[in-house]
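The values are calculated or read from the model by the stated rules, or taken from the named source; none is laboratory data. Remember, it's a predicted structure, so these values are computed and weren't measured experimentally. Backbone-built Cβ (ideal geometry, glycine too); neighbour counts: all protein chains shown. Accessible surface is based on the protein model in full, side chains and every heavy atom, while ligands, DNA and RNA are left aside. Shrake-Rupley method; radii C 1.70, N 1.55, O 1.52, S 1.80 Å.
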Amino acid sequence: MRWLFFIVLLTAACGSPAVAPPSSRVIEIDIDDHGLAGLWMADAPNIKSLIQRGTLAFSRVIIPTHSNQNNMSLLTGQYPDGTNVPANSWLSRSAGLTPPVSLPGIAAGDYILYDKNPLRVRSDSLYRVAQRAGLRSAYFGQLPPFEGTADEVHLTIVGAPFLTTTITPDLAHQLLTDVLHYPAEVVDRYHLDGPGDAGENLVHFTIHDAAAFVRAAPSAAAIPAFMFIWDFLALDDDPTSLSGASGADVIKSIEQYDAAIGDLLAALGDRGLLDDTNILFTLDHGKVDTHEQVALGTHGATTARPADGQLGAAVAAAGAALGISTADYAVVNEDGDAQIYANVPHAGTPAGAARQQEVTHALLSIIQGGAIAGLDVTRTMTADGAMGTRRFHDVRASGPNQADIVVFPETDWTLNQVDTTNALPGPFLEHTSFPYGRHGGYSIDELYVPLVMAGPAFKQGVLLPHPVEHPEVAATAAWALGGLRLQTSARGAVAAALAGDPGETVPLPDPVSGARELALSAAGFDGTVTLAGPPAKAAVIVDVAGLYDDEIFADPMVAAAAASLRELAAAGTRFEDVWARSRDWPVTELQMVTGGYPIESPWVSMAEDDPTQVVLPALGLLAMPPPVARVADVAAFNAWRRATVFGAETLFGAAHAAGLATALVGQPDFHTFHISTVDIDVQTATDAAGAAAAVSEQLARTPRALIVVALGRSRTAERHSPLALAELETVAGAVRDVARAAGDALVVVTSRGATTIDDPGSDYYGAGTSRHVPLILLGPNVRRGVVSGQPATPADLPTTVLFGLGVAAKTDFADGTQTLAVSTTPPSPPVLAPRASFEGHVLLRAYETLPLHPPLDRYPRATFGRDR
C-alpha cells in the first residue's frame, strides 16, 4: 500500500502529457510583422489582457527571418527542410535563375501556386488535423497560400490597392485562377471579402471580418473549431519601412489590430464561446531598426546589365584569378539577407555540381575575405560549411530551393538598397527621417517574437523562462484542440504552457516589457554564466534504447515499471521537450557525442531524406509525406549501418583535452561506427545488470572520467503488455543502479529513440512520439525537483555535459543559441566544444549558476501542477 502511494505521488509530480485536454476551439493569430518595443508602447489592452490571463513565451523563428517559411511553420510545425520553403522568394535553377512566380512588383516561390502549396502536397497542417477529428477549419487573411485545405476561406483583399488599380472580386478571381493555377471551382467556394469601412486599414479589417463571421454564424456549432488569422502589415503602406520597426506608424497599426482582436473576443463572448476558446497570438518574425545599407548589388547574371554594387565590383576585380566572372552568379536581396546563386549550366543537378561548388567557393573567398563593407561574415550560411560558414542543415533550412550562399549585414545595416539612388555602402541619404524596419537577419529583435497562449488549455499569468521554437506553435494549437497531433511536426506542443503540466514557469514580470530579456537571460543567452559550485569531476551518460518520454512520465499503466526512472527525475532536472531530429538510432547516437551532423564530402544523408535530392544544397530535404516505413532513402539507411568514421570531433576528445579518462560500457550498437575510437580509453561490454559494476570499477580507477553507458535493445511495441512492462522495469532498475554507482558524478539519462526507424509498432503514444525522448540530469550543481520545458535535442548533450564539467559557456547570437567557449580556468588546458556541435546548445535550465538566473531571483520556484 505504501508503494502504491509512492507511485501516485510520483505520477502527480511528473505530469501526464498523454492526457488530452477537453476539446475546445482554437484561434491562431499570426501578425506580419514589427518590433517588440512597438507592442509595449502601443495602447493594446486586448493583447495585454490575453498576456495577463494566459502564458507568455518568446518563440525563436525560422532562419532567415522571413514571413512565408514562418507562416508555413505556424501551420505545419515543420522547418524549411520539411516544407521546402526557405524564403519568401528565390531563383529557380531549373528555370534559368528566374523567380518561380513573378508578377509586377511581386516575386515569390512556387509555394504560392495551387499545385505546389506545401499544405496540399508535402505537409500535414492544422486544417487537416481538424478535419481528421471531424472538425471544421477556417482561414482569414489577405492573401493565399496559407488557406490551403481550410474548409472556410475568407480572403480579405477586396478594395486593396494593386499597382495602379484596386482589387475587385473579379480581379482577385482572375489572379487566383490565371496566375496561381487555382481551379475555378475552388475559388468559387472562397469568400472574397471587403472593402472595409472608409479609412479602415486591412490589419483591422481582416480580424474584424472574422469577428463579423462569428456573429453572423447561424449557430455556435457552425463556427469552425480552428481558425487561422493572418494579418499582413506591409499591405497597409508598409509602416515599418516608413518609420522603423516600432515607430509611430507601427504603433498605430498595433492599436488597430488590437482593437480588432477586442472585437473578435467580444463576438466570441456574445456567442457564449469565449471561455471555451484558446487564443494563440504571435508574429511571423520580428524586425529591427537600421540606419545603413550594404548595397551588395541588385543583380548578377539574371540581367543583361553589368553586375552592380560591391559584390559586382569585387568579382570584376578578383574574379579572373579565381576562375569566375560577374556572369557566374545571381542575387536576390531581402531586407536583412541576400541569397546568392552560382549561375552555371545544369546547376542543381549532378552534371553541374562540380562547377556549382567551384563558383560558390570562389564567391565565398571574396565575401569571407572582407571585401564587402557592411557584411557580418561570421553569419554567412552555405550548404557545406566551407571557409567557416554556417550550414543550412544546422538550422534545418536545406532544400533545392535554397541559395548557394546567404549573407547577412552587420548590426544596424540592411541589404535592401533602401536608397535607390545611393549605390554606396553606408548611412541612408534619402531615408533619413526615421530608421528603416529590417528583417531577414539574426538580431534578437528579428529572432525572438512574443507567443501568447490564453484559454482553458493554458496556464494563467505566467512566463516561460526560456525561448521556445516556432514549429512548436502549430503542435500546441493541435493539442489545444483536444489533444490532437500533427502527423509530420518536427516537435511537440509547448508542454510547459499547458494547464496542469509540471513544466517550470515564473510569474509575469512587472513591467511585462522586460519579459523577453528575462526569458533570454534565464536561458543563458545574455553573457557569461558559471556554475554555482565546483564542477563535477566526472560525467556518466546513460543512453537507454527504447524509451518514450510519454511512456515514462505520462502513462499511468506503466508507472510501477517506470518508478526507478521517475524517482531519478524527481531528484534532478527533467527536460520534457526533447525531440530527436532523426528516428534512426545511428544518427542520434552520433549527435549525442558530436553535437551536430557530419561535415563530410560527399554529403551523408539521413534515412528520412528525399533520395531524389542528390546535389547540395538540396541534400537534407526531408521526404514529405514520409513513406509508411519511414525509410525514404534505403542507401542512406544502409550507409549509417556500415562502420565509416566521419571527421567530427567528439565529446570523448573534448573530455580527453580536459584531462578526463573516457569509457564506453554496456550494450552499444552503432555508437562507435562513425567516430574515431582513439579517444575512448576503455570499452567494456556487459549486459544491463553488469553496467553499474563496470561504471563503479571505471570510476575507482579514474575518478575524473567521462563514461557513456549504452543499455537495452529494441523493445516490445505494445507497451502495456506484460513483456514490455518487464523490459521497462529491468532497464529502469539498471539505470537506477548505474546512477548510484556514479556517486557524485554528473549523471545524464536519455534515450536514442523509443523505437527503431522501421519498427511497425512505432509512435505508440501518437504521431512523432518515437522521437520524443526523456532527458534527466542529476549531480553537482543540477537543480532538484525541476521539470523544464526548454526545447532540447540529443545534440545538446556535448555542450551541456561539458558545461557541467566546468567548461565555460558563451552566447553566440550568430546562431541564437548557447555554445561553448575556450576554458579560461587554470591550470586546465583549453577545452573546445566538438567542432561539429553547431546544432546543440547548453541546457542552462538544468544548472544552478552564478549569477543565479538573476532576473528570477525574486521569484519563488514554480510549483508543479497535477496531470493535465
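Restricting attention to segment 331-350, the residues being assigned to a loop (DSSP other than H, G, I, E, B) and either touching a Cys at 6+ places or on another chain (Cβ under 8 Å) or crowded, with 20+ Cβ neighbours inside 10 Å (or both) number 8.
Being buried (at least 24 other Cβ atoms within 10 Å of the Cβ) and either assigned to a strand (DSSP E or B) or among the aromatic types (Phe, Trp, Tyr) (or both) is the requirement here; does Gly492 meet it? When the stated conditions are applied, Gly492 does not pass them.
Reported count of residues in segment 549-589, each being open to solvent by less than 10 Å² (accessible area, probe 1.4 Å), assigned to a helix (DSSP H, G or I) and among the charged types (D, E, K, R), is 5.
Conditions tested, residue by residue: (1) surrounded by 19 or more Cβ atoms within 10 Å (Cβ to Cβ); (2) in contact with a helix residue (DSSP H, G or I) (Cβ under 9 Å, 6 or more places away or on another chain); (3) modelled with pLDDT of 95 or more.
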residue: Glu504; (1), (2), (3): yes, yes, yes
residue: Pro507; (1), (2), (3): no, no, yes
residue: Asp510; (1), (2), (3): no, no, no
residue: Glu517; (1), (2), (3): no, yes, no
residue: Asp526; (1), (2), (3): no, yes, no
residue: Val529; (1), (2), (3): yes, yes, no
residue: Ala532; (1), (2), (3): no, no, no
residue: Lys537; (1), (2), (3): no, no, yes
residue: Asp543; (1), (2), (3): yes, yes, yes
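Does Asp170 meet the test of being free of Cβ contacts under 8 Å to residues at least 24 places away in the same chain and either touching a Gly at 6+ places or on another chain (Cβ under 7 Å) or assigned to a loop (DSSP other than H, G, I, E, B) (or both)? Against the criterion (free of Cβ contacts under 8 Å to residues at least 24 places away in the same chain and either touching a Gly at 6+ places or on another chain (Cβ under 7 Å) or assigned to a loop (DSSP other than H, G, I, E, B) (or both)), Asp170 does not qualify. Comparison of Val747, Val773, Val801 shows that the only residue that is farther than 30 Å from Leu56 by Cα, among the β-branched types (Val, Ile, Thr), crowded, with 24+ Cβ neighbours inside 10 Å and touching a helix residue (DSSP H, G or I) at 6+ places or on another chain (Cβ under 9 Å) is Val747. Just one of the listed residues (Asp237, Asp289, Asp249) is over 30 Å from Gly455 (Cβ atoms), assigned to a strand (DSSP E or B) and not basic (Lys, Arg), and it is Asp289.
Exactly one residue among Asp308, Asp328, Asp284 is closer than 30 Å to Ser243 by Cβ, charged (D, E, K, R) and open to solvent by 10 Å² or more (accessible area, probe 1.4 Å), and that residue is Asp308. The strands (runs of 3 or more DSSP E) falling completely within segment 87-167 that include 1 or more residues that are open to solvent by 10 Å² or more (accessible area, probe 1.4 Å) map to 101-103, 106-108, 152-155. Name the single residue that is modelled with the lowest pLDDT among those in segment 632-659 being open to solvent by 30 Å² or more (accessible area, probe 1.4 Å), assigned to a loop (DSSP other than H, G, I, E, B) and in contact with a helix residue (DSSP H, G or I) (Cβ under 8 Å, 6 or more places away or on another chain). Per the criteria, the residue is Glu649.
From the list Phe228, Phe213, Phe205, the lone residue that is of a type in the set (Phe, Trp, Tyr), outside any strand (DSSP E or B) and in contact with a Gly (Cβ under 9 Å, 6 or more places away or on another chain) is Phe205. Considering His204, His173, the condition of being under 36 Å from the mean Cα position of the chain (by Cα) and crowded, with 19+ Cβ neighbours inside 10 Å is satisfied by His204 alone. Flag: Met592 does not match the condition of being closer than 27 Å to Gly785 by Cα, surrounded by fewer than 22 Cβ atoms within 10 Å (Cβ to Cβ) and not hydroxyl-bearing (Ser, Thr, Tyr). Taking segment 361-397 as the search range and keeping residues that are in a loop (DSSP other than H, G, I, E, B) and touching a strand residue (DSSP E or B) at 6+ places or on another chain (Cβ under 6 Å), which one is farthest from Gly440 (Cα to Cα)? The residue in question is Gly385.
For (1) open to solvent by 20 Å² or more (accessible area, probe 1.4 Å); (2) hydroxyl-bearing (Ser, Thr, Tyr); (3) at pLDDT 95 or above; (4) part of a loop (DSSP other than H, G, I, E, B), each residue gets a yes or a no:
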position	(1), (2), (3), (4)
Gly352	no, no, yes, no
Val359	no, no, yes, no
Gly399	no, no, yes, yes
Asp419	no, no, no, yes
Asn422	no, no, no, yes
Glu430	yes, no, no, yes
